[in-house]
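One structure below.
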Amino acid sequence: MKSLLLVSLSLMLLLHKATAQVCNGVLGAPILNLTFGQGNASQNAYSPLSAYAPGMSSGTMFQSSGVLGAANTSALVKNSSTFGPFPYWAASPDHTGDPYGLFMGLNMPDNAGVVVVEYLMNDLCPNTTLEYSIWLLNLMAPTNPTVGSSLLQYPNLIMRILDPANNILAQQTTGNVPIDVTWHQYSMLFSNGANTSVKLQLINNTQGSSYGNDLALDDITIRPCVPAAGIQPKLDTTFCTTTTRTFNATLTPGVYAAPVYQWQYSTNGGGTWINAPATGSTFTFTFNTSAAPAEYRIRYLVAPQGPANTGNCHAISDTTIVRIDTMVRNFLPNDTVICNGTPLVLQANATHAVGYLWNTGATTPAITINAPGVYWAEATTAMGCTATDTVHIRANAISSAALGADTTLCEGQALELAPTGVPGTTHYQWSTGSTASSIVVQQTGTYWLRLYEDDCQSTDSITVTFAAIPRADLGPDLKVCEAGSVTLKNSTAYPGAAYRWSTGSTDLELTVPEGTYWLSITNYPDCRASDTITVTSHSCNCTLYLPNAFSPNGDGLNDEFYPLNEPCAYNAYSMQVYNRWGQRVFYTNTPGGRWDGMFHMQPSETGTYFYYIKLTETASGAVKSYKGDVILVR
């Protein structure tokens, strides 16, 4: 705080006198809003000034520490307690209450008339009335011991506007800023005349070095005076068909002598605006359902001169809102029939619809009906457009596609499939691809038929099985020993089939003497096969007669060695021949097999050879063997 120097400034300060400005319209959006930016949780003081207040200059000495310990100093902080300790200094955030919002502190100079803050504004519209406003806080705490004493000095500023030649366009004093730890806004109106650039200044208006004269500065703002820009008609409505509307601009008279317009529209809720080809006071726009659903916002920019979308020169009108939507008129199925009382689903499919109301009271997109009649539905879009559609339902008792029960036939047979009692207007579709009224099948499978009559259909299926015909095979004719018997059976057993022998037996096997016999086998459902066999008798005493010599010399007489025997049945036969050294020179397991005297494709030597024969009689099952010697003669 400063020491006391009592000087009366009210007689020393001669203020510039200017014609008081009046805003005949409304104050527009700020074209300058210098807020000094944002701080953070950990830092108290911020620098340099140019980083947080671009374009602004100060005649004070900037303190990066944030402490205002001497006159003619300044700093940037987020809370005024940084400037000095309580109870001498007030503790406050910025004027919005943001704990991280920055503002500027000023320990004012001792001399009045010193410019403490200056800012140059460019690109202004000429002959515009503007508002210059600031927020101030007296940094002296009410608990300061000097409060109420004659030593106290209140901060007091001159708000001044200069033209490019430094001529004063307007100025106004703030008066003494109260000691109440409260932010106060000070504002003034001015005209920039023909100038597109002006200089904003804040000047110390207190002389002396007593206690006090310390303040905080926040939000230097410039707002243009613009006409109240209305739009007619002011809408917030929905069109359900393509519609053309003309909009008119309405302005507060006398604010702009020769207003220039730029109409705009937005299709994303005002996020972005598109310039329309309209620069007069009226704008005609067609809201086409081809773009539906869509929401349009219509507004215009207006300025006293130059392009209306120049940021520092325009007013923004009120906004009118038009939604465009559409609804197809035919969204229900075509008129149709309900078949044999079968439930029928009616599905509504209206573009953009978000809700339905049926004459049944249902509110779902689809309903299920069981009776003929007239049904209608009303569809509604999210924007409120509606449409109604109707469908007529007739009854139809379609013929049944009954194919009968599943059935089984024998291989090689055929089955005709055909429903009965079907009128001639019916269309057929078989699973085989046929469209005839009947089909003939000869293979196992499941077959279906679909009948079509007047949008109705009936379907049935049948499984047809073709059972395999059994194979009756008793084998070749047989011989048995005299007064003997043999057991007959089929080559393949069919346990589930019915057997019937010529003897009347139904067993799987049949033991018989000599004679002719037949077997009939019947499989499900009635597939039959039969076979016949003849059994003859003969002598079963198999006595072999073997020669004691043979001469394989190729003269056709006695050239081979083999057993001579009476006709009889035997099996498991084998004959082996060995030379005198025990080497096997011949082997056969074929009954009646003969040795031609060769060994390894060479004629065997003359001499004695030894044979061994073994066989099993077919009828008796007896195993017999024969051995002896034979002389090979050349």
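The values are calculated or read from the model by the stated rules, or taken from the named source; none is laboratory data. None of the values given here were measured: they were computed from a predicted structure. Note that each Cβ is placed from the backbone with ideal geometry, even for glycine, and that neighbours are counted across all protein chains shown. With ligands, DNA and RNA removed, areas are computed over all heavy atoms of the protein, side chains included. Shrake-Rupley method; radii C 1.70, N 1.55, O 1.52, S 1.80 Å.
Observations, loosely collected:
- Residue check, P372 free of Cβ contacts under 8 Å to residues at least 60 places away in the same chain, within 30 Å of S400 (Cβ to Cβ) and surrounded by 15 or more Cβ atoms within 10 Å (Cβ to Cβ): yes
- Elements of the type strands (runs of 3 or more DSSP E) sitting completely within region 395-482 and holding at least 2 residues that are of a type outside the set (V, I, T): these cover 407-410, 415-417, 427-430, 445-453, 456-467, 478-481.
- Candidate set: region 90-112, residues that are of a type in the set (S, T, N, Q) and within 59 Å of the chain's Cα centre (by Cα); chosen: the one most open to solvent (accessible area, probe 1.4 Å): T96
- The listed residue being touching a helix residue (DSSP H, G or I) at 6+ places or on another chain (Cβ under 9 Å) and either in a strand (DSSP E or B) or in contact (Cβ under 8 Å) with a residue 12 or more places away in the chain (or both), out of G66, G59, G84, G113: G66
- Single unsatisfied condition, S133 versus (1) on the phi > 0 side of the Ramachandran plot; (2) modelled with pLDDT of 95 or more; (3) of a type in the set (S, T, N, Q): (1)
- Top-ranked residue in region 487-511 [being open to solvent by less than 30 Å² (accessible area, probe 1.4 Å), closer than 15 Å to G475 by Cα and touching a residue at least 24 places away in the same chain (Cβ under 8 Å); ranked as farthest from the chain's Cα centre (by Cα)]: L488
- Residue pairs meeting the criteria (Cβ under 6 Å; at least 6 apart or on separate chains; first within 10 Å of C125 (Cα to Cα), in region 303-321; second modelled with pLDDT under 65 and of a type outside the set (F, W, Y)): C313/G306; H314/A308
- Among the residues of region 190-243, those identified as under 21 Å from S133 (Cα atoms), open to solvent by 30 Å² or more (accessible area, probe 1.4 Å) and small (G, A, S) are S191, A228.
- Enumeration of residues in region 136-157 that are part of a strand (DSSP E or B) and buried (at least 20 other Cβ atoms within 10 Å of the Cβ): L136, L137, N138, M140, Q153, L157
- Count of residues meeting criterion [out of contact with any Pro (no Cβ under 9 Å at 6 or more places or on another chain), touching a residue at least 24 places away in the same chain (Cβ under 8 Å) and closer than 21 Å to E482 by Cβ] in region 599-634: 7
- If you go through region 168-182 and keep only what is touching a residue at least 40 places away in the same chain (Cβ under 8 Å) and either over 24 Å from V26 (Cα atoms) or acidic (D, E) (or both), you end up with I168, V177, P178, I179, D180, V181, T182.
- Flag for A53 being over 55 Å from the mean Cα position of the chain (by Cα) and either buried (at least 17 other Cβ atoms within 10 Å of the Cβ) or closer than 30 Å to N122 by Cβ (or both): no
- Condition met for S399 (closer than 29 Å to I367 by Cα, touching a residue at least 24 places away in the same chain (Cβ under 8 Å), open to solvent by less than 60 Å² (accessible area, probe 1.4 Å) and hydroxyl-bearing (S, T, Y)): yes
- Count - residues of region 214-257 that are in a loop (DSSP other than H, G, I, E, B) and under 30 Å from I161 (Cβ atoms): 10
- Filter result for Y256 (more than 20 Å from Q153 (Cα to Cα) and aromatic (F, W, Y)): yes
- Every residue from region 588-613 that is assigned to a strand (DSSP E or B), open to solvent by 40 Å² or more (accessible area, probe 1.4 Å) and over 13 Å from L546 (Cα atoms): M598, F599, Q602, P603, T608
- The condition of being farther than 30 Å from A371 by Cα and surrounded by 14 or more Cβ atoms within 10 Å (Cβ to Cβ) holds for only one of G445, G412, G484, that being G484.
- Some residue of region 70-80 being of a type in the set (D, E, K, R), buried (at least 18 other Cβ atoms within 10 Å of the Cβ) and closer than 26 Å to G208 by Cβ: no
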